[in-house]
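What follows is a single structure, written as structure tokens, with notes after it.
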Amino acid sequence: MSSDDPPPLKSLLRDEDIQRGIDESGIGMWDLDLETRALFWSSATRRLFGVAQDQPVSYELFLSLLVPEDRARTEQAIERSIATGCGFDVQCRIREQPDSGYWVRARAGIVTGKDGMPRRLSGVVLDIHDQKRLEEALRAREEHLRLILETIPDAMIVIDDHGIMQRFSSAAERMFGYREAEAIGRNVSMLMPEPDAGRHDGYLARYQSTGERHIVGIGRIVTGKHRNGETFPMHLSVGEMWSGGKRHFTGFVRDLTEHQQTQAKLQALQSELVHMSRLSAMGEMASALAHELNQPLAAISNYMKGSRRLLAASAELNMGKIETALDRAADQAIRAGQIIRRLRDFVSRREAEKRVESLAKLMEEAGALGLTGAREQNVTLRLELDPGCDRILVDRVQIQQVLVNLFRNALEAMAGSPKRELAAASAKTADDMVELSISDTGHGFSEVALANLFQTFFTTKETGMGVGLSISRSIVEAHGGRMWAETNPSGGATFRLTLPIAPTESLSDVA
């Protein structure tokens, strides 16, 4: 080294107080002579590399202490600094430390002689192991979060306060048909049909100025638009967050197309099951209904035969008796027609239609079907219906199905009872509903039967299918009411159900 060259780093650190202060700070000093490859390490550098204070150090020793995959990279960075004069900055791992390498960061600059030629590479070594561990932990958490967001079925979209998309998950790519690179940086309104697309920026601005929530923090069903222009129903939940001092909104989107299709299929199946239940009830009542229908038909036949005999017996026509007989025959024909009409309405397959109906009339029509044969069984029917809550908003045939089922169950329950009394009563409740009760004097229920009464396929009958009460409860709940059963203290059972009272403005729609 010529006398014009700058003094090496070790000569500048001869002041023990300065060197001790730098060492205590944890910053290691090093100096590499580029001509001789002689290497100087301060005490702190030796501690970082695990080298004793009296052990000679060399360039080769330095490289050997690094993990194999970092050696070539570090050596190339040194040579590049020498060749170009650029600064040296490398993060590498020390091999002979635990955790598969101890992270340090070596920084240095080229020191040139008066002739401008590079003479030494002098710099510092910093302990960055804790920093690296934190970075790796952060990356692991970010990767874990990314994997979670990539695997959840709901799409996740993050927008800024101007509606520009910042994040677009894989589920969002599949749902909307755009790749992440195509969506990031564009307005989220591209995922909406009109008129929502044109109004979205105004929604954001209004929320930020007034704080009035329409969807932020409140999940709701909206319409999305696929890349191909097709629209689909989706459930959108939006949350608000602050990041880097800026407001962002995170939306979680669930495609409801399959859900709505499934719901439609379930409704169709439920409708079919309700219809089949009515057919099953008709099958069980077939014998009694045949007898009920045979009575007016037999009466018609008798009246017509009597009229024929009157006509044949005398030349002088007994017009009064003949007219009476024909009138009574016509009345019986009307009675038979009414029975057939009720049967046809009861078993018809039709869409549910809620209209304002009279509860008393529904009870009358349901009783004509469900209580067929009651007189032969000496069953007494007692009605205590409140006229003040007679108008209800229901599907007539479905509620008749519930009433017919309850009437038939009551008749069967009282078949062996010495006292056979059926009571039906109605009363208004506090929530604008009417509560209807149907009580019998039968055998009642056991605790086990009462607990499972409305379970599908549970039955106390020898030939029952166990779907009647389950379907009846489903029908009542679909009307916004509820249905339950009780055992009477004096014996027998009481079924109670609530139905909605028709609004006053709808009374003109009574059928």
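Before moving on, here are some points about what is shown:
- The modelled label-to-label distance for the pair Glu142/Thr36, using points 7 Å beyond Cα in the direction of Cβ, is 4.6 nm.
- Here, P(r) means the percent of Cα pairs in each 10 Å bin from 0 to the largest distance; for the stretch 152-255 it is 15, 53, 29, 3.
- Prolate/oblate/rounded label for the stretch 40-116 (Cα gyration tensor, a/c 1.5): oblate
- Between Ser437 and Ala298, the simple label model (points 7 Å from Cα in the Cβ direction) yields a spacing of 3.9 nm.
- Histogrammed with a bin width of 10 Å, the alpha carbon distances of the stretch 351-425 distribute as 19, 48, 26, 7, 0 percent, first bin at zero.
- Beta bridges by DSSP in the stretch 152-255, antiparallel share as percent, to the nearest 5: 95 percent
- At R0 = 30 Å, FRET efficiency that the Cβ-Cβ distance of Asn452 and Ser490 yields, to 0.05: 0.80
- With Rh defined as the Kirkwood radius, the inverse of the mean 1/r over Cα pairs, the Rg/Rh of the stretch 75-204 is 1.27.
- Under the Karplus curve 6.51 cos²θ - 1.76 cosθ + 1.60, θ = phi - 60°, whole-Hz ³J(HN,Hα) for the stretch 429-439, x wherever Gly or Pro sits: 9, 6, 9, 6, 10, 10, 9, 10, 10, 10, 10
- Efficiency of FRET between Thr151 and Tyr203 - r from beta-carbon atoms, R0 45 angstrom, step 0.05: 0.90
Quick note: the coordinates plus some simple rules give every number you see, no bench work behind them. Just so it is clear, the model here is predicted, and its values are computed rather than measured. Note: ideal-geometry Cβ built from the backbone for every residue, glycine included; neighbour counts use all protein chains shown.
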